[in-house]
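First comes the structure, then the notes that go with it.
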Amino acid sequence: MRREVLPPEALDATDRAILNALQEGFPLTPHPFADAGKPLGLSEDDLIARIQNLREEGAITRFGPFFDAEAMGGAFCLCAMAVPGDRFDAVVTLVNAHPEVAHNYERAHRLNMWFVLATDTPAGIEKTARAIEKETGLKVLRFPKLKEFFIGFRVKA
Amino acid sequence: MTIDATDRRIINATQSGLPLAPAPYAVVAGWLGLSEREVIERLAAMQDKGVIRRIALAPNHYALGVTANGMSVWDVADDHAETLGAEVGALDFVSHCYLRPRVLPDWPYNLFAMIHGQDRSEVELKRQEIAALLGGACGASDILYSTRILKKTGLRLREGA
């Protein structure tokens, strides 16, 4: 994913209208670009070309279905550790060596390492967390989700 | 929320995105040897079941200038947590919102909300907005800013998993 801010002139008003409108949803119809283009005043071909261009510019991270990973099976758990500063790099290596560690962030807090475990079964979470505790000698705090809320996140383009 | 082998094939075929073609569902159907109608119906059924959250375009918020984010965490009274959590999740600057168990004494917080903004001062303003929304139902709170990405891999569905 592009980690640079686009210059403001990279997007025109039509691009911004597309980004704002298609965040809300995309039709499940035989000609969805034609249907989605109508309220934007764009032909099917124009909308496809615009999205292609936005993708090439790095203004879009994803276009398509967003799946609930958990609904497809598998287990996930947010975990945190308080890693002493002088051992941080060594612990990163130990933790990241587990393929079950999907992503891992350093955060400014006493609990300074936050990672997500993704496994095929719930038992795999416990097994991996225990293995990390054994290898590092540090406690792995487990924060499984109890409830996920519907998200209203939108970026105004 | 059960999905069958055909649903899984559709998921595998579309998890990196829809083809940019006039009839994208027909293209996917062609890859899988299905009819366009079956692909559309199955996607619609998965959307109804919540396996698909939505079909949409996700802007690269970083490219659009929304470059700052912080994980805000809140100790919300248990009997209000579900109602207030739903209100926090619905805010347009919150990208993830979960209830998680407290781990006492290390961690007194049960509501996690990821806040995004143009810069850190905007994130702090949004954080105050959440604090006002939670009001007296919330005790302690904190915000954790990431200082480094240590690992990032996509959560991709394994073939046949």
Cβ pairs under 9 Å, 6+ apart or interchain, first in region A:51-68 and open to solvent by less than 10 Å² (accessible area, probe 1.4 Å), second of a type in the set (Lys, Arg) and part of a strand (DSSP E or B), ordered by first then second residue, are A:65/B:53; A:65/B:54
Selection from region A:128-155 of residues open to solvent by 30 Å² or more (accessible area, probe 1.4 Å) and either touching a strand residue (DSSP E or B) at 6+ places or on another chain (Cβ under 8 Å) or facing another protein chain (nearest Cβ under 8 Å) (or both) yields A:139, A:142, A:144, A:145, A:146, A:147, A:148, A:150, A:151, A:153, A:154
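For (1) assigned to a strand (DSSP E or B); (2) under 19 Å from residue A:89 (Cβ atoms); (3) more than 17 Å from the chain's Cα centre (by Cα), each residue gets a yes or a no:
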{"residue": "A:102", "(1), (2), (3)": "yes, no, no"}
{"residue": "A:105", "(1), (2), (3)": "yes, yes, no"}
{"residue": "A:117", "(1), (2), (3)": "yes, no, no"}
{"residue": "A:127", "(1), (2), (3)": "no, no, yes"}
{"residue": "A:132", "(1), (2), (3)": "no, yes, yes"}
Within region B:24-60, of all residues that are at the interface with another protein chain (Cβ under 9 Å from one of its Cβ atoms) and in contact with a Pro (Cβ under 6 Å, 6 or more places away or on another chain), the one modelled with the lowest pLDDT is B:52
Of B:113, B:63, the only residue that is open to solvent by less than 40 Å² (accessible area, probe 1.4 Å), within 11 Å of chain A (Cβ to nearest Cβ) and part of a strand (DSSP E or B) is B:113
Notebook entry, point to check: Does residue A:104 meet the test of being within 7 Å of chain B (Cβ to nearest Cβ) and modelled with pLDDT of 95 or more?
Noted result: yes
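Conditions tested, residue by residue: (1) among the hydroxyl-bearing types (Ser, Thr, Tyr); (2) part of a loop (DSSP other than H, G, I, E, B); (3) free of Cβ contacts under 8 Å to residues at least 40 places away in the same chain.
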position: B:6; (1), (2), (3): yes, no, yes
position: B:9; (1), (2), (3): no, no, yes
position: B:12; (1), (2), (3): no, no, no
position: B:17; (1), (2), (3): no, yes, yes
position: B:22; (1), (2), (3): no, yes, yes
position: B:25; (1), (2), (3): yes, no, yes
position: B:29; (1), (2), (3): no, no, yes
position: B:38; (1), (2), (3): no, no, yes
For region B:15-55, the count of residues that are open to solvent by less than 60 Å² (accessible area, probe 1.4 Å) and under 19 Å from residue A:74 (Cα atoms) equals 5
Note on region A:17-48: residues under 22 Å from the mean Cα position of the chain (by Cα) and assigned to a helix (DSSP H, G or I) are A:18, A:19, A:20, A:21, A:22
Of the candidates A:61, A:93, A:14, A:29, the one satisfying the condition of being among the hydroxyl-bearing types (Ser, Thr, Tyr) and in contact with a Gly (Cβ under 9 Å, 6 or more places away or on another chain) is A:14
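The values are calculated or read from the model by the stated rules, or taken from the named source; none is laboratory data. What you are looking at is a predicted structure, and each value in this text was computed from that prediction instead of being measured. Counting neighbours? That spans all protein chains shown, and the Cβs are built from the backbone with ideal geometry, glycine included. To get the accessible areas, we keep the full protein, side chains included, count just its heavy atoms, and leave off ligands, DNA and RNA. Shrake-Rupley method; radii C 1.70, N 1.55, O 1.52, S 1.80 Å.
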